[in-house]
Amino acid sequence: MLDHFDYTLVNWSRAQFALTAMYHWLFVPLTLGLGFIIAFMETIYVKTKNPEWKKITKFWMTIFGINFAIGVATGIILEFEFGTNWSNYSWFVGDIFGAPLAIEGIMAFFLESTFIAVMFFGWNKVSPKYHLLSTWLVAFGANLSALWILVANGWMQFPAGMHFNPDTARNEMINFWEVLFSPVAINKFLHTITSSYVLASVFVVGISAWYLLKKRETSFAIKSMVVAGVFGLLASIFTAFSGDTSARLVAQKQPMKFAAFEGLYNGSSGAPLMAFGIVSNEKDSSQNYLPDVKLKIEVPNLLSYMAYLDPNAFVPGINDLINGNLQQGIMSATEKIERGKVARVALRELKDAKKKGDTVQYASLKKKFNDPIFQNNYFKYFGYGFLNDTNSLVPNVPLTFYSFHIMVAFGFYFIFLFIVLLRYIYKGTLVQKRKFLRLLLFTLPLPYIASQAGWIVAEVGRQPWVIQDYLPTVAAVSQINASAVQITFWLFFVVFTALLIAEIKIMTTQIKLGPKEGGNEHV
Amino acid sequence: MFDLFMETFRKIFYFYYDGFKGMTVGKKLWLIILIKLFIMFAVLKLFFFPDFLNSKFKTDKERSDYVIEQLTH
């Protein structure tokens, strides 16, 4: 069934999407978090009228402006790719993506581009309170833009609020609120934006630490660290909680992804949480994935508790999800594939009946597609009908597992770091703690790694699906020449790398210059 | 009414004009933005990223027939 797919094309299309999304995501989280940090700083300035806070606000606003300018429109590339490389997917998704992306475009354009001009050009031209309002609106606008994109991504992980039209092969939105308020989408949004706040806070703290190490701008650096430290601590604690809820939702909606990132091969009641271990994609003689994880450190019953809030609950492992587990009511992958094939055949027959003008057969099949029993028992598994090998349902376990554990480990490290930082600031000993300042500086790249690792968990962990259970990635690509995708892959690589170098160069120049008295009038 | 409109327009114009004129590092950033947008829309979109279904088919019916064929053969 998958024989006619060009895997070179699929893999290059995936690589290109991953490259552009990962580069795009280098710029976005700093914008999301720094916007609020600047808004807090300016609020303090407006409240206290202390010009030093104006200088602080303007400096970080300059850094925000550089990141915003270099990163803006890098996400548009992803939309180009949808239309060119992923046309089957774009068509199948129908208007589900159209609405959120259109709202995102309008919001991003009007809210951000209007108030960002006031934010940068409006000092001394509009009242301080109106300027402050503009700064807050830029921060909210950027985060609202992220909401719509993440709603679209959340729908791919947990499709809701739609109906499949077999005549057009498109999904039609029947309930906008189900799409918007899907628990997966909302939780994804909260987890993503708060982790971005952590990234921006670590960024501000890291740069400020550099000033302290250079014995420059001491008051500026400590004041910046107070705002970023408090914001970062609150955000990192919230990120841990939203991550916990997120994992629970994955356990319910995408159990294979959950089993992969937890390294759970064989399910059990009272499943332990593996804090560390060496995992693989190896199998034994009976073709089961090997449960023998090396060097593992486990906490008994914790995984069951985290997934279902019950320490004795059954958590399915990879082998349960592939082979099925009648006792636990888990359908085997083979059965799902058979049901998916029935749904695909029905779609084919409907198309043929329509083409031949066989109105009786067409009406009967159309009725079938509207029947909730067919929808729940067969069409729900439509995507499985493309697969022959049950093993293709297992994502890359080591990559998902390690990415997840790196993300979680860094997440807890940031909480610890912010607590220690705030303690040193409170005691007034931070400037003397040179080793800790160096640690803060060298921590700067870590939230970027954690953030990218989080996306690897979300996107690699859900493979083989581009839309969970409905459309596998291999069936989503356009029938274009793989060499064209390879050329644009390298073009993007060059363009994005140049942008990244420009960002780092311009930013480091500004950081070396430092905050000027009264700040720059404009960016 | 017209005078009020013109006065508002003049204020907005000079707000942006003075803003752009007074930019320091922003001039370099605008240059990067313009080059980037040119590469994206005038080069990449035009020559490398045609909309696959729109460029191959004229009607939605043709597009849906093609995708159903792709999904069911």
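The values are calculated or read from the model by the stated rules, or taken from the named source; none is laboratory data. Everything numeric here is computed off the predicted structure, so don't read it as measured data. In this analysis, Cβ positions are derived from the backbone assuming ideal geometry, glycine residues included, and neighbour counts consider all displayed protein chains. Only protein heavy atoms, including side chains, enter the accessible area calculation; ligands, DNA and RNA are left aside. Shrake-Rupley method; radii C 1.70, N 1.55, O 1.52, S 1.80 Å.
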With only helices counted (DSSP H, runs n ≥ 4, each -39500 (n - 2.57)), the per-residue ellipticity at 222 nm for the protein assembly as shown, to the nearest 500, works out to -23000 deg cm²/dmol
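With Cβ to Cβ distances under 14 Å as the rule, what net charge do the other residues near A:Gly154 carry (K, R +1; D, E -1)?
Numbers: positive: A:Lys188, A:Lys253, A:Lys257, A:Arg462; negative: A:Glu104, A:Glu178, A:Glu459.
Spelling it out: positives minus negatives among the neighbours equals +1.
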Per the C-alpha gyration tensor (a ≥ b ≥ c, the square roots of its eigenvalues), region A:400-523 is rounded if a/c is under 1.5, else prolate if a/b beats b/c, else oblate; here it's oblate
For B:Glu7, A:Glu459, the accessible-area ranking with a 1.4 Å probe, largest leading, is B:Glu7, A:Glu459
Taking protein heavy atoms only, a 1.4 Å probe, and rounding to whole percent, the accessible area of chain B owed to carbon and sulfur comes out at 71
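Which shape class applies to the protein assembly as shown: rounded if a/c is under 1.5, otherwise prolate when a/b exceeds b/c and oblate if not, where a ≥ b ≥ c are the square roots of the Cα gyration tensor eigenvalues? Numbers along the way, then the final one.
Details: a/c = 2.24, a/b = 1.41, b/c = 1.59.
Taking the square roots of the gyration eigenvalues as a ≥ b ≥ c, the protein assembly as shown is oblate.
Are there trypsin sites (Lys or Arg not before Pro) in region A:453-523 that DSSP marks as loop and that have at most 10 other Cβ atoms within 10 Å, and which are they?
Values: sites: A:Arg462, A:Lys505, A:Lys512, A:Lys516; in loops: A:Arg462, A:Lys516.
Here no loop site has a sparse enough neighbourhood.
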Projected onto the charge dipole of region A:426-523 (unit charges on the beta-carbon of Lys, Arg, Asp and Glu, signs +1, +1, -1, -1), the Cα from A:Phe492, A:Thr473, A:Gly514 with the largest positive-side position is that of A:Gly514
Expressed per residue, the solvent accessible area of chain B in Å² (1.4 Å probe) is about 70
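Provide the FRET efficiency to the nearest 0.05 for the A:Tyr308-B:Phe9 pair, computing r from the beta carbons and using R0 = 56 Å.
Computed FRET efficiency for A:Tyr308 and B:Phe9 comes out at 0.35.
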Of the listed pairs A:Lys125/B:Lys36; A:Lys49/A:Lys433; A:Lys47/A:Lys129; B:Lys36/B:Lys58; A:Lys188/A:Lys336, those with alpha carbons more than 21 Å apart are A:Lys125/B:Lys36; A:Lys49/A:Lys433; B:Lys36/B:Lys58; A:Lys188/A:Lys336
Rg (one decimal) and Dmax (whole number) from the Cα set of region B:2-72, in Å, equal 22.6, 65
The aspartates and glutamates whose Cα lies under 13 Å from the Cα of B:Lys56, excluding any fewer than 8 residues away in the same chain, are B:Asp65
Buried by partner chains in region A:330-368 (accessible area down by at least 30 Å² vs chain alone, 1.4 Å probe, heavy atoms, protein only) are A:Arg344, A:Leu347, A:Arg348, A:Lys351
Once all protein chains are kept in place, A:Leu30 shows an accessible area at probe 1.4 Å, nearest 10 Å², of 0
Ignoring ligands and nucleic acids, A:Phe374 exposes an accessible area, probe 1.4 Å, in Å² to the nearest 10, of 10
With every protein chain in place, the accessible area of B:Asp51 for a 1.4 Å probe, in Å² rounded to the nearest 10, comes to 60
Taking a straight Cα-to-Cα line shorter than 13 Å from B:Lys61, and setting aside same-chain aspartates and glutamates fewer than 8 residues away, one finds A:Asp167, B:Glu69
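Could you order the peptides A:119-131, A:428-440 from most to least packed, using the average number of other C-beta atoms within 10 Å per residue?
A:119-131, A:428-440
How much accessible area per residue does chain A have, counting only protein heavy atoms and a probe of 1.4 Å, in square angstrom?
On the way: 21400 Å² over 523 residues.
Result: 41 Å² of accessible area for each residue.
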Here FRET efficiency (C-beta to C-beta, A:Phe110 to A:Phe276, R₀ 51 Å, nearest 0.05) is 0.60
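Take peptide A:65-72, look around each residue's Cβ out to 10 angstrom, count Cβ atoms belonging to other protein chains, and average those counts.
On the way: counts 4, 5, 1, 2, 9, 4, 1, 5.
Across A:65-72, the average partner-chain Cβ count within 10 Å equals 4.
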Net charge (Lys, Arg +1; Asp, Glu -1) of residues whose beta-carbon lies under 13 Å from that of A:Val250, A:Val250 excluded, is +2
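In Å², rounded to the nearest 100, what is the total accessible surface buried by chains B and A against each other with a 1.4 Å probe? Don't jump to the answer; show the numbers that get you there.
On the way: alone 7120 and 23360 Å², together 26490 Å².
Looking at B and A, the buried total is near 4000 Å².
Hey, got a sec? Which trypsin sites (Lys or Arg not before Pro) in region A:1-88 land in a DSSP loop and have at most 10 other Cβ atoms within 10 Å?
Working: sites: A:Arg14, A:Lys47, A:Lys49, A:Lys54, A:Lys55, A:Lys58; in loops: A:Lys49.
Taking region A:1-88 and a limit of 10 other Cβ atoms within 10 Å, the loop trypsin sites (Lys or Arg not before Pro) found are A:Lys49.
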Looking only at lysines whose Cα falls under 24 Å of A:Lys435's and that sit 8 or more positions away or on another chain, we get A:Lys214, A:Lys215, A:Lys223, A:Lys427, A:Lys512
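For chain A, which whole percent of the accessible surface, found with a 1.4 angstrom probe, sits on carbon and sulfur atoms? Before the final figure, lay out the partial values.
Details: 13940 of 21400 Å².
Answer for chain A: carbon and sulfur cover 65 percent of the accessible area.
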